[in-house]
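S.K.: Dumping the structure here so I can ask a few things about it.
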Amino acid sequence: MSDVRYPFTAIVGMADLRLGLLLNAVSPAVGGVLVRGEKGTAKSTMVRALAGLLPSIATVDGCRFACDPVAPDQQCPDAPHAVPGTELRPAHLVELPVGVSEDRIVGSLDLERALAEGVKAYEPGLLAKAHRGVLYIDEVNLLQDHLVDLLLDAAAMGRSYVEREGVSVRHAARFLLVGTMNPEEGELRPQLLDRFGLTVEIAATRDAAERAEVVRRRLAYDADPAGFAARFAEDERALAERITTARELLPEVELSDVALRQITAVCAAFEVDGLRADIVMARTAVALAAWAGRTAVEEGDVRQAARLALPHRRRRNPFDAPGLDEEQLERTLEEHAEQPDDPEDPDRDPDGGPEGDGGPDGGDPDGGGAPEPGTAPQDGSTAPTPEEPAQPGTPAPQPAPGGGREATPVASGEPYRTRLFKVPGTGKGAQGRRSPAETDSGHTIRARRPQGRLARLHLAATLQAAAPHQVARGRDSRALVLHRDDFREQVRQGRESNLVLFVVDASGSMAARQRMTAVKGAVLSLLMDAYQRRDKIGMITFRGAAADLVLPPTSSVEVGAARLEQLPTGGRTPLAAGLLRAHEVLRVERMRDPDRRPLLVVVTDGRATGGRDALAQADRAAGLLASQGLAAVVLDCESGPVRLGLAHTLAARLNAPAVTLDELRAEGVAALVHAHRSADHDRKAA
């Protein structure tokens, strides 16, 4: 791979992304930008190219924390800086790997030296390296939530804190934060989305000529990176100078009362939570004005700031797509464009007085427009319009595989809060909110010898291990004599996320519209529960003659909800095929991620058709899954006055509880507890 970065000005299209990044380069106080888009859209390329445009920074010579020689950080671990020399270097681009640990992010203390020698031996982390530069998190939605929260806290406060057993280190950490994500791989939680200042939705252009130009430039860069970069050197220099000029102009920009009233009115109209959106919009509007070379915020700046700062704050439901109603935005801006002459006069004619005299920013409703052409949302990509259908149309029924007629997909019922299902035992998977596990956070349950570098000292256990050896070690003072073998670390118990694999009966026996609506509503509710508990999910459907993996295990619960809405029904009931497909999927996933424990959710009425021994085959398949100690739940969808109880028979074979649709709701506490206890009793008795 070439060391020559792809030029920022050579990237075709994506005006919104370009603007969002440049505004953060002008004013890092905006709070960073989250780039959401499909794979292969040059998200990473553009972020890396931005770093080459940032002005070089002066640092204290030899300081590991990039202190500014004009105003060194008094809390810098390398302080005091006596008559500091100056070093000029480019701003760093720090890329955060997905598998990064907390110690790698914030730095780490050598606890052994701190206790045994009383020395603060601190190794800076990635936040220290990113100070006064760019921190880039690719696939931010795949990071553990507590790490994302830690990063966003540092970005908001401009300082990083490290606390280990009473020893504290803190240092400045101000950086331009950029995160990229592919929504198909899972969403960030709304509370974390809100912490990003701006968000930009991008998608590959559908224009053939523009796509051809993208390919042409990429091939030219691959063939001769240095020559290609030279072609855009003058454009890059001009853009870098414009960033510097805008930074210098930023303190002089005035945010008028009219513009501020428009900002707060827009945030109130869109019912965003808290006041962070108001502050971000104000900072973004000021940065837009500086970028356009103006010293006053205009209505166009407020409009563009809303398009960048509000869409991701509009989510009310985990399955809602980010979006912004343009008509509502324009209406709100128009209503608050002018300051009334006498707001306390109820008889004032709203049309009276000179037109456009409502303040320094009154007049032209467009307020000068956006600072750059092409910065409006591209092709409406920020959100689907309310008129877009939520599911496919209604084609004529087609023959289902394996015989019978395929029913038109029906909508899901309204989701509701479900009971919590856990995987028995204690795991060691990724942090989440479902099953008990040994995690980096949680309450301490015991001590053990360190496994690798000591990070979480168990002080009492360490002292207890060292105490019997003090005489033999010749202790002659108040200080303990500690050896490496004395140290113990904490083992903490929290909760982990799991792989929730749904096996859904989509056969003709489930095709009654009212029944399938209730079943889909139940599965959607379980999907929402999985979303809230940080789980991965997968979905298998069986009907006709086979079982299909309609959703390979993924973190994108939103995709699972979409596949569920489109699920047709009809045909025979190959229950054994569904269970065997689950066995194969779980076998593969166990090799990929051995620490993530699965939970199997079988959604069925228990019927099995398609052969003389269909029920016997299903029984053998269930026995195969049970022999592996798999945690499972059977959602019994049987209804009507006459019930065969086949789902309960299947549940017994799986050593799992059977839960009816009514018992799935969180209100059915007694029924669910009884089911779990009965299953545990039967398992122990067997």
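The values are calculated or read from the model by the stated rules, or taken from the named source; none is laboratory data. In this text the structure is predicted, and so the values were computed from the model without any measurement. Methodologically, a virtual Cβ is constructed for each residue, glycine included, from the backbone with ideal geometry; neighbour enumeration extends over all protein chains shown. Only protein heavy atoms, including side chains, enter the accessible area calculation; ligands, DNA and RNA are left aside. Shrake-Rupley method; radii C 1.70, N 1.55, O 1.52, S 1.80 Å.
S.K.: Scan around Gly432 for amide H atoms under 5 Å from its own, H built in the peptide plane at 1.01 Å from N, and keep only partners 5 or more places away or cross-chain.
M.R.: Arg495, Glu496, Ser497
S.K.: How much FRET efficiency would the formula 1/(1 + (r/R0)^6) give for Ser44 and Thr9, where r is the Cβ-Cβ distance and R0 is 22 Å, rounded to 0.05?
M.R.: 0.85
S.K.: Carbon and sulfur together cover what percent of the accessible area of the range 489-599 at a 1.4 Å probe radius?
M.R.: On the range 489-599, the fraction of accessible area on carbon and sulfur atoms equals 49 percent.
S.K.: Let me check I've understood the local charge: for Phe542, count other residues with C-beta under 10 angstrom from its C-beta, Lys and Arg +1, Asp and Glu -1. What total comes out?
M.R.: Residues near Phe542 contribute +1 overall.
S.K.: Tell me, in nm to one decimal, what length is gained between Thr86 and Ser627 on full extension, where the rule is 0.36 nm per residue of separation less the Cα-Cα distance?
M.R.: Result: 188.0 nm gained on full extension.
S.K.: In terms of modelled amide H atoms, which long-range or inter-chain residues lie less than 5 Å from the amide H of Glu139?
M.R.: Counting only residues 5 or more places away or on other chains, the set is Thr180, Met181.
S.K.: I need the calculated FRET efficiency for the pair Asp273 and Glu330, taking r as the beta carbon distance and R₀ as 22 Å, to the nearest 0.05.
M.R.: For R0 = 22 Å, the calculated efficiency reads 0.45.
S.K.: If I model a spin label at Ala58 and Asp149 as a point 7 Å from the Cα along the Cα→Cβ vector, what separation in nanometres do I get?
M.R.: It works out to 4.1 nm between the two label points.
S.K.: Which values of log₁₀ I(q)/I(0), to two decimal places, follow from the Debye formula for the range 1-100 at q = 0.14, 0.17 Å⁻¹ with a uniform point scatterer at every Cα?
M.R.: -0.70, -0.92
S.K.: Still on this structure, please answer the following. Can you give me the relative contact order of the range 96-255 as a percent, contacts being Cα pairs under 8 Å and 6 or more apart?
M.R.: 19
S.K.: Just in the range 491-591: which trypsin sites (Lys or Arg not before Pro) are loop by DSSP and have at most 16 other Cβ atoms within 10 Å?
M.R.: Answer in residue order: no site qualifies.
S.K.: On a full-extension model of 0.36 nm per residue, what is the gain between Ala666 and Ser168, subtracting their alpha-carbon distance, rounded to one decimal in nm?
M.R.: Gain on stretching Ala666 to Ser168: 174.9 nm.
S.K.: For Thr660, enumerate residues with amide H under 5 Å from its amide H, sequence gap 5+ or separate chain, H modeled in the peptide plane.
M.R.: Here Asp636 satisfy the definition.
S.K.: Using a Förster radius of 45 Å, what is the FRET efficiency between Gln514 and Glu184 based on their Cβ-Cβ separation? Nearest 0.05, please.
M.R.: About 0.90, to the nearest 0.05.
S.K.: Further question: Ignoring ligands, DNA and RNA, what accessible area per residue does the range 150-237 give at 1.4 Å, in Å²?
M.R.: That works out to 47 Å² per residue.
S.K.: What does the highest-first list of 651-658, 151-158 look like by mean Cβ count within 10 Å?
M.R.: Answer by packing, highest mean first, reads 651-658, 151-158.
S.K.: Could you let me know the centre-to-centre spacing of the range 178-235 and the range 1-72, using Cα atoms, in angstrom?
M.R.: Centre-to-centre distance over Cα atoms comes out at 13 Å.
S.K.: Taking the alpha-carbon centroid of each part, what is the distance from the range 461-500 to the range 575-650 in angstrom?
M.R.: After rounding, the separation between the Cα centres reads 47 Å.
S.K.: For the range 546-585, what is the accessible area per residue in Å², given a 1.4 Å probe and the full set of protein chains?
M.R.: Heavy-atom SASA per residue in the range 546-585 reads 33 Å².
S.K.: Using θ = phi - 60° and the Karplus curve 6.51 cos²θ - 1.76 cosθ + 1.60, what whole-Hz ³J(HN,Hα) does each residue of the range 455-472 get, with Gly and Pro shown as x?
M.R.: Ordered by residue, 3J(HN,Hα) equals 10, 10, 5, 9, 5, 4, 5, 5, 5, 5, 6, 7, 4, x, 9, 5, 5, 4 Hz.
S.K.: With a 10 Å radius around each residue's Cβ, average the other Cβ atoms per peptide and rank 629-635, 144-150, highest first.
M.R.: 629-635, 144-150
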